[in-house]
Amino acid sequence: DGLEGRIVFEPKFRHPDAVRGLEQFSHIWILWQFSENEKAGWSFTVRPPRLGGNTRMGGFATRSPFRPNGIGLSCVRLKSVELTEREGPVLTVLGADMMDNTPILDIKPYIPFADCHPDATGGFIDETPWHELDVDFPETLQAHIEGDKLEGLVEVLRQDPRRAGSKHDPSRVYHLAFAAYDVAFTVDGDTLHVVGVASA
């Protein structure tokens, strides 16, 4: 929930009627475009970070950003629907896992009776317990981050943003682009150490 985002509509969709009733839902589905890796292509298999980057799985069995159609899917919490004079309807959402200026293709309400399946199985995800890292983030470096961005950044860092297959060198410095920042970090065991913050 520390990752707050705003969805602003293109002019032809900026009509209050388009979002009438949406405020009654707690969550929404967002279909969006992986616009920053359109030329990267895709392969039949990928190495999911959840499996440590050592095991290949079918692309359709993962949520890899490298897809044949470049469409992303996210379920987010709908914090508010605001009708503004300049931008029309603006949706504020929590938990958005997208880059700034990501093109949104469609929005649909999350409907619990249809979208929630308590008996669902999670494939190889169920067999690999989720493990978060401890984050060592010196206050002197935290001071470079705008206050409303800090919580979301720490949440992302806890989830180990290293690329698959590159997780075995504690001296290696990794970089994460987050909001307007380039965050440099190392990982030693279960602890991620932030070693630098710069404007991107």
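The values are calculated or read from the model by the stated rules, or taken from the named source; none is laboratory data. Please read these numbers as outputs of a predicted model, since none were measured by experiment. So basically every Cβ, Gly included, is an ideal-geometry build from the backbone, and we count neighbours across all protein chains shown. To get the accessible areas, we keep the full protein, side chains included, count just its heavy atoms, and leave off ligands, DNA and RNA. Shrake-Rupley method; radii C 1.70, N 1.55, O 1.52, S 1.80 Å.
Couple of notes before you dig in:
- Of the residues making up the stretch 150-187, those that are open to solvent by 70 Å² or more (accessible area, probe 1.4 Å) and either farther than 17 Å from G53 by Cα or under 15 Å from the mean Cα position of the chain (by Cα) (or both) are E151, R158, Q159, R163, S171, V173, H175, A177.
- Flag for A120 being of a type in the set (A, V, I, L, M) and outside any strand (DSSP E or B): yes
- Test: D148 is assigned to a loop (DSSP other than H, G, I, E, B), out of contact with any Phe, Trp or Tyr (no Cβ under 9 Å at 6 or more places or on another chain), in contact (Cβ under 8 Å) with a residue 60 or more places away in the chain and under 19 Å from D182 (Cα atoms): no
- V90 meets each of the listed conditions (1) out of contact with any Leu (no Cβ under 9 Å at 6 or more places or on another chain); (2) modelled with pLDDT of 90 or more apart from (1).
- Scanning the stretch 80-127 for residues that are under 18 Å from W32 (Cβ atoms) and either among the hydroxyl-bearing types (S, T, Y) or open to solvent by 90 Å² or more (accessible area, probe 1.4 Å) (or both) yields a count of 9.
- Among residues of the stretch 1-51 being assigned to a strand (DSSP E or B) and hydrophobic (A, V, I, L, M, F, W, C), the one that is farthest from I125 (Cα to Cα) is V8.
- Residue match in the stretch 20-29 (condition: polar (S, T, N, Q) and closer than 18 Å to S74 by Cα): yes
- Among residues of the stretch 132-145, those that are part of a loop (DSSP other than H, G, I, E, B) and open to solvent by 100 Å² or more (accessible area, probe 1.4 Å), counted: 1
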